[in-house]
Amino acid sequence: MHCVFVQIRCRPGTTYAVAEEIALREIHSELYSTSGEYELLLKLYIPEDRDIGKFINDELQGIDGIERTLTTLTFRAF
């Protein structure tokens, strides 16, 4: 499994609706509200045989209210 973090910038006033839609899709391991440039931080595990970019595109980009995402891939944990 690939451990991936996605920071999500939402249109003003849509953060809770976006978070609820992500929760309903049950694709995440953890989902946090954050301060700063992005409103949400999503941690998810993507199967090794899945294309990460396509997964993010198919599962997140279509959610109404998402303005931008920043995806961070992880490597070996220490």
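The values are calculated or read from the model by the stated rules, or taken from the named source; none is laboratory data. What you are looking at is a predicted structure, and each value in this text was computed from that prediction instead of being measured. Backbone-built Cβ (ideal geometry, glycine too); neighbour counts: all protein chains shown. Surface accessibility is based on the protein's heavy atoms, side chains included, excluding ligands, DNA and RNA. Shrake-Rupley method; radii C 1.70, N 1.55, O 1.52, S 1.80 Å.
Pull up region 8-25, narrow it to residues that are without any contact (Cβ under 8 Å) to a residue 24 or more places away in the chain and in a helix (DSSP H, G or I), then point me to the one that is nearest to R68 (Cα to Cα).
Per the stated criteria, the residue is A19.
Just name the residue that is nearest to H2 (Cα to Cα) out of those in region 26-78 that are in a loop (DSSP other than H, G, I, E, B) and among the hydrophobic types (A, V, I, L, M, F, W, C).
Taking the candidates together, the pick is F75.
Go through region 24-77 and give me each residue that's among the basic types (K, R) and crowded, with 16+ Cβ neighbours inside 10 Å.
Selection gives nothing.
Can you find even one residue in region 13-36 that is among the aromatic types (F, W, Y) and over 21 Å from A77 (Cβ atoms)?
Yes, region 13-36 has at least one match.
State which residue is nearest to I63 (Cα to Cα) when the search covers only region 8-23 and only residues that are open to solvent by 60 Å² or more (accessible area, probe 1.4 Å) and not charged (D, E, K, R).
A17
Looking only at region 28-77, count how many residues are within 9 Å of the chain's Cα centre (by Cα) and of a type in the set (A, V, I, L, M).
Going through region 28-77 one residue at a time, the tally reaches 8.
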